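Coordinate-derived values only; no laboratory data. Computed from a predicted model, the values in this text were never measured in an experiment. Counting neighbours? That spans all protein chains shown, and the Cβs are built from the backbone with ideal geometry, glycine included.
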Amino acid sequence: MDFVASRAAEAKHGWRTRVGEFLRAMGVTVFDPWTKPDVRGLHEYGREGIDTDKIRRQWTFAPGPAGASQRARISGKFWESLHIDLRMVDTSDFVVAYCPTNLYSVGTPHEIVVCRQQRKPVLFVSPAVTFPPLERLRAHLRGNQRGMRLLKRLEKEVPIKENAGGVPSLWYMTLVGTERFFDGFGFEPYRERFKWRRIPLDAQESGRTLQRPLLPFLEALNHRLPRRWNNALKRYVRDDEWLLWELKKERQGRR
């Protein structure tokens, strides 16, 4: 959420909003960090808005009491958001994470680790990462030796690393479990049903055949629990990390 192009656009039309709409249509309770639930007795506790990240600009490395006070004020302000986001993970049955390999993130890995420590599933979307404008820039600079040297230096320093296969890190593979990775959301077949307007993420998925899109998996999850691959037995077996409560309302009255 910190590094999206527009927090306002992301909050209104981004993937979290879409996945939330999709799940709610199946009767699922959704916790979305953009629209955190109310906390009883704590009005607006942990709420984030489109301008929440502005407080980061007030950060300072200055030594002494003044600098320490400023840093404490900033971190104290965001503590509420961190607290409620992790509590939402505690309360959830599973978590959906979107983790392109070119984006720096801290909160999402923290939430993934908390979820996995509780032996709950993380559904991890790791899309293809390519930079078409970069290839066009290379073509434009071809023959310009100084320009090409500067571009190569920029690619190393940023760094700019393409990942056309969307391959996640080996650490994530082990932490999340290999059967819970998806190479995209697969929004297109559901666009008309939910009246979704086009966003940049759609352009990234268009023209590609997704091998394992998330939304059809979620649709199937509404009818049957997933199974996991057992490499010792060489077959699919029950995945008992999917503990979805079958709660029934008790009848009111005296016993």
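Considering only DSSP states other than H, G, I, E and B, which chymotrypsin sites (Phe, Trp or Tyr not before Pro) in the range 75-105 qualify as loop sites with at most 13 other Cβ atoms within 10 Å? Before the final figure, lay out the partial values.
Working: sites: Phe78, Trp79, Phe94, Tyr98, Tyr104; in loops: Phe94, Tyr104.
Hits after loop and neighbour filter: Tyr104.
Among all the lysines, which ones have a C-alpha under 19 Å from Lys161's C-alpha, if same-chain residues fewer than 8 places away are not counted?
Straight-distance partners of Lys161: Lys152.
As a check on your grasp of the helix formula, calculate [θ] at 222 nm for the chain: sum -39500 (n - 2.57) over DSSP H runs of n ≥ 4, divide by the residue count, round to the nearest 500.
Rounded to the nearest 500, the figure is -12000 deg cm²/dmol.
Only sites in a loop by DSSP and with at most 13 other Cβ atoms within 10 Å count here; which GluC sites (Glu not before Pro) in the range 116-205 make the cut?
Numbers: sites: Glu135, Glu155, Glu157, Glu162, Glu179, Glu192, Glu205; in loops: Glu162.
Taking the range 116-205 and a limit of 13 other Cβ atoms within 10 Å, no loop GluC sites (Glu not before Pro) are found.
Could you sort 28-38, 235-245 so that the peptide with the highest average Cβ count within 10 Å comes first and the rest follow in order?
Answer by packing, highest mean first, reads 28-38, 235-245.
Report the one residue of Leu103, Phe78, Ala66 whose Cα lies farthest in the direction of the positive end of the charge dipole of the range 44-114 (charges on C-beta: Lys and Arg +1, Asp and Glu -1; origin at the Cα centre).
Of the listed residues, the answer is Ala66.
Indicate the helices, whole DSSP H runs only, in the chain that combine a mean Kyte-Doolittle hydropathy of -1.0 or more with a Cα extent along their long axis of 30 angstrom or more.
Membrane-span-like by this rule: 64-91.
Select from Leu247, Pro127, Ala11 the residue farthest towards the positive end of the dipole of the chain; place +1 on Cβ of Lys and Arg, -1 on Cβ of Asp and Glu, and compute about the Cα centre.
Pro127
Give, in nm to one decimal, the length gained when the segment between Thr29 and Lys77 is fully stretched (0.36 nm per residue of separation minus the Cα-Cα distance).
Contour length minus the Cα-Cα distance gives 14.5 nm.
On a full-extension model of 0.36 nm per residue, what is the gain between Trp242 and Lys195, subtracting their alpha-carbon distance, rounded to one decimal in nm?
13.8 nm
With labels modelled as points extended 7 Å from the Cα through the Cβ direction, what inter-label distance (nm, one decimal) is found for Asn163 paired with Leu141?
Each label point is offset 7 Å from its Cα along the Cβ direction, giving 2.3 nm.
Run the simple label-point estimate for Thr209 and Leu134 please: 7 Å along Cα→C-beta, distance reported in nm.
Taking the two extended label points, one gets 2.6 nm.
Write down the percent of antiparallel bridges among all DSSP beta bridges whose residues are both part of the range 74-228, to the nearest 5.
About 10 percent, rounded to the nearest 5.
Can you tell me how the chain classifies by the Cα gyration tensor, rounded, prolate or oblate, using a/c under 1.5 as the rounded cut? Can you show the working numbers first?
Numbers: a/c = 1.81, a/b = 1.20, b/c = 1.51.
Judged from the Cα gyration tensor, the chain comes out oblate (a/c at least 1.5, b/c at or above a/b).
What full-extension length gain, to one decimal in nm, is calculated for Met148 and Thr60 as 0.36 nm per residue of separation minus the Cα-Cα distance?
Numbers: separation 88, 0.36 × 88 = 31.68 nm, distance 3.60 nm.
So the extension gain works out to 28.1 nm.
Quote the FRET efficiency, to the nearest 0.05, computed for Thr91 versus Lys156 with a Förster distance R0 of 35 Å and r equal to the Cβ-Cβ distance.
0.25
Where nothing but the Cβ of Lys and Arg (+1) and of Asp and Glu (-1) is charged, how large is the charge dipole of the chain around its Cα centre, in debye to the nearest 20?
Values: 46 positive and 30 negative charges, 28 e Å.
Dipole of the chain, to the nearest 20 debye: 140 debye.
Quick one: Cα centre-to-centre distance for the range 104-154 and the range 179-197, in angstrom?
About 21 Å separates the Cα centre of the range 104-154 from the one of the range 179-197.
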